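Contents: one structure, followed by commentary.
Any read-out appearing in this document is the output of simple, stated calculations on the displayed coordinates, not a laboratory observation. All of these numbers come straight from a predicted model, not from anything done at the bench. Positions of Cβ are backbone-derived with ideal geometry, glycine not excepted, and every protein chain shown enters the neighbour counts.
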Amino acid sequence: MTTPLTQAKIAKALEGLPGWSREGEGLVKTFTFESFPAALSFMVRVGCEAEAMNHHPEWTNVYNRVAVRLNTHEAGGKITAKDVELAGRMEVVARLGVGA
């Protein structure tokens, strides 16, 4: 089982994740893109990262926005290092741009 992070480790991780915050037992962020195709492209690229990690986000898409919530089910719905890692990978994908 994956171990939940301490409050201090979550706070420290958030310092390196611009725009992310903690809501209850999840890390959350809404990404905004220039268009629906750009948002969809982001989701596809992140989906590949998530699948490779075997760690899948809870997310929704409305036009150019993708709202994300991360926590780890196998850790009782708590925040773990897997969530921090996936959030970091999402930041890289968003920063690199996704075309369209």
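Selection over segment 27-44 of residues that are farther than 22 Å from A13 by Cβ, surrounded by 12 or more Cβ atoms within 10 Å (Cβ to Cβ) and not hydroxyl-bearing (S, T, Y) gives a count of 7. Give just the number: which of (1) surrounded by 11 or more Cβ atoms within 10 Å (Cβ to Cβ); (2) farther than 16 Å from I79 by Cα; (3) over 12 Å from the mean Cα position of the chain (by Cα) does V62 not satisfy? Single failed check for V62: (1). Do you know which residues across segment 67-92 are under 18 Å from T6 (Cα atoms) and β-branched (V, I, T)? Correct list: T72, I79, T80, V84. Here L70 fulfils each of the conditions (1) free of Cβ contacts under 8 Å to residues at least 24 places away in the same chain; (2) in contact with a helix residue (DSSP H, G or I) (Cβ under 6 Å, 6 or more places away or on another chain) apart from (1).
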